[in-house]
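Beneath this line is the structure, given in structure tokens, with notes to follow.
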Amino acid sequence: MKPIINYMSAAALVLLVLSSVANAEIAVIANPENSQNSLTIKQVKKIFLGKKSTFPNGEAVEPVDQIETSASRKFFYENVIKKDPATLKSYWTKMVFSGKAAPPETMKDDNAIKTWIASSKEGIGYINKNAVDNSVKVLFTHQ
Amino acid sequence: MGFDWGYGRYKVSESLSLKAGRMKYTGNLVSEYVDVGYAYPWVRPPEAIYSEDASLSFESFNGTAIVFSGGDDIEYSAETYIGAEIEDTESHKKMGGITLRALNDYGEVKLAYNRSTVLNPGDITDGKNKTYLTLGLKANWNQWLLITEYVDSEYSDVPANDTYGAFATVGYKIGQTTPHITYQKYDRKTGQNQDSWTLGVRHYLGSAMALKLEVQDIKPEAGGLFVSQPAENNVNIISAAINLIF
């Protein structure tokens, strides 16, 4: 009996780990009333690195980050923006000290982002794909 | 009392901005954040270009500037400015210049020209015109890092004070650690030259700290950049630094 339970627990653990890795994928979201329908990865990068202050359609954009310990943030910066934390910090240091741009505000987690997006026409943020619902509009997903 | 910078910026359009007030000199590669160690790999920005004698002698000035910018895959900007910086020792009046910059995901190129009339009572350069030309390049490719810059500084009627400075840094990123090597050369027409090699390493610790260690071998001639001539022909310096960002 015992070996079977151990085997099944191990299998369950592996499945749990695999599913949480697969589900780390993020979606970049905006308010459902935003007239922008989609963004390319380049456009997402420019917005979150402070190089563009408008959506491609010309409307103002306000990006928001999650806090450094958030899993969504780690996935987003590793796979979409492709900068490690030290490189990103160095980048913002240079931008701030040369007066060009400031880093986005940070919020606690996916729910905090969704709540804020719901009342912000210009807002853009990233959340776990599984957290997407009718309260947000998906502009980009990481494939 | 003085402050580093503080200016008003008026955005005329997505590609045109006007600045007025106290602003940082933009011509050198790291001049805008020269005091922020976290932003570059060295303990100190290379003295062949950034030391007081080799550089423009000020970091910020009062003036107005027009900035054109744009580009997509390659971003570019052109900034022209006029202004002045008055200090107790060396001042620059009737100053004007242009800084051109292009950058993309792999690096940055900067070309700048600055012209001013120097006021330095008692010094041979007092009342002379100074031109300051800089060319800089930063590149990253995979783990490799290259930073190089060249500066040519000339005075009208005082060729003895003409100088040029240059450095090249090559680094290789291994995780959070980047060892690097730098060659610097500084030449002054009066014969106070120096060249040096620096071997260093920068390590990022945690999320907001950089640790740095460097060993430098300098060969000064007629004192080079040193305030008083060293007794030896070879000077070795070991430096360490911790940079924090918050």
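The values are calculated or read from the model by the stated rules, or taken from the named source; none is laboratory data. These numbers were taken from a predicted model, which means no experiment stands behind them. Backbone-built Cβ (ideal geometry, glycine too); neighbour counts: all protein chains shown. What goes into the accessible areas is simple: the full protein's heavy atoms, side chains included, and nothing from ligands, DNA or RNA. Shrake-Rupley method; radii C 1.70, N 1.55, O 1.52, S 1.80 Å.
Just one of (1) open to solvent by less than 30 Å² (accessible area, probe 1.4 Å); (2) free of Cβ contacts under 8 Å to residues at least 24 places away in the same chain; (3) out of contact with any Phe, Trp or Tyr (no Cβ under 6 Å at 6 or more places or on another chain); (4) among the β-branched types (Val, Ile, Thr) fails for B:VAL30. It is (3).
Residue by residue through segment B:63-103, note down the ones that are surrounded by fewer than 18 Cβ atoms within 10 Å (Cβ to Cβ), touching a strand residue (DSSP E or B) at 6+ places or on another chain (Cβ under 7 Å) and part of a loop (DSSP other than H, G, I, E, B). Correct list: B:ASP73, B:ILE74.
Note on segment B:153-171: residues that are of a type outside the set (A, V, I, L, M), open to solvent by 40 Å² or more (accessible area, probe 1.4 Å) and either more than 18 Å from B:ASN193 (Cβ to Cβ) or in a strand (DSSP E or B) (or both) total 4.
The residues listed here are B:PRO46, B:PRO41; of these, the one that is within 11 Å of another protein chain (Cβ to nearest Cβ) and at pLDDT 95 or above is B:PRO41.
Restricting A:GLY99, A:GLY58 to those that are farther than 29 Å from B:ASN140 by Cα and either in contact with a His (Cβ under 7 Å, 6 or more places away or on another chain) or not basic (Lys, Arg) (or both) reduces the list to A:GLY58. Scanning segment A:71-86 for residues that are more than 9 Å from chain B (Cβ to nearest Cβ) and touching a Phe, Trp or Tyr at 6+ places or on another chain (Cβ under 9 Å) turns up A:SER72, A:ARG73, A:PHE75, A:PHE76, A:TYR77, A:VAL80, A:ILE81, A:LYS83.
Within segment B:51-62, the presence of at least one residue that is away from chain A (no Cβ under 12 Å), in a strand (DSSP E or B) and open to solvent by less than 30 Å² (accessible area, probe 1.4 Å) is confirmed. State whether the residues of segment B:113-120 include one that is open to solvent by less than 40 Å² (accessible area, probe 1.4 Å) and not in a strand (DSSP E or B). For segment B:113-120, residues open to solvent by less than 40 Å² (accessible area, probe 1.4 Å) and not in a strand (DSSP E or B): present.
Of all the residues that make up segment A:97-118, how many are within 11 Å of chain B (Cβ to nearest Cβ) and surrounded by fewer than 17 Cβ atoms within 10 Å (Cβ to Cβ)? Quick ask: steps written out before the conclusion?
Narrowing segment A:97-118 to residues within 11 Å of chain B (Cβ to nearest Cβ): A:97-100.
Right, trim to surrounded by fewer than 17 Cβ atoms within 10 Å (Cβ to Cβ) and you get A:99-100.
Summing the residues that are within 11 Å of chain B (Cβ to nearest Cβ) and surrounded by fewer than 17 Cβ atoms within 10 Å (Cβ to Cβ) in segment A:97-118 gives 2.
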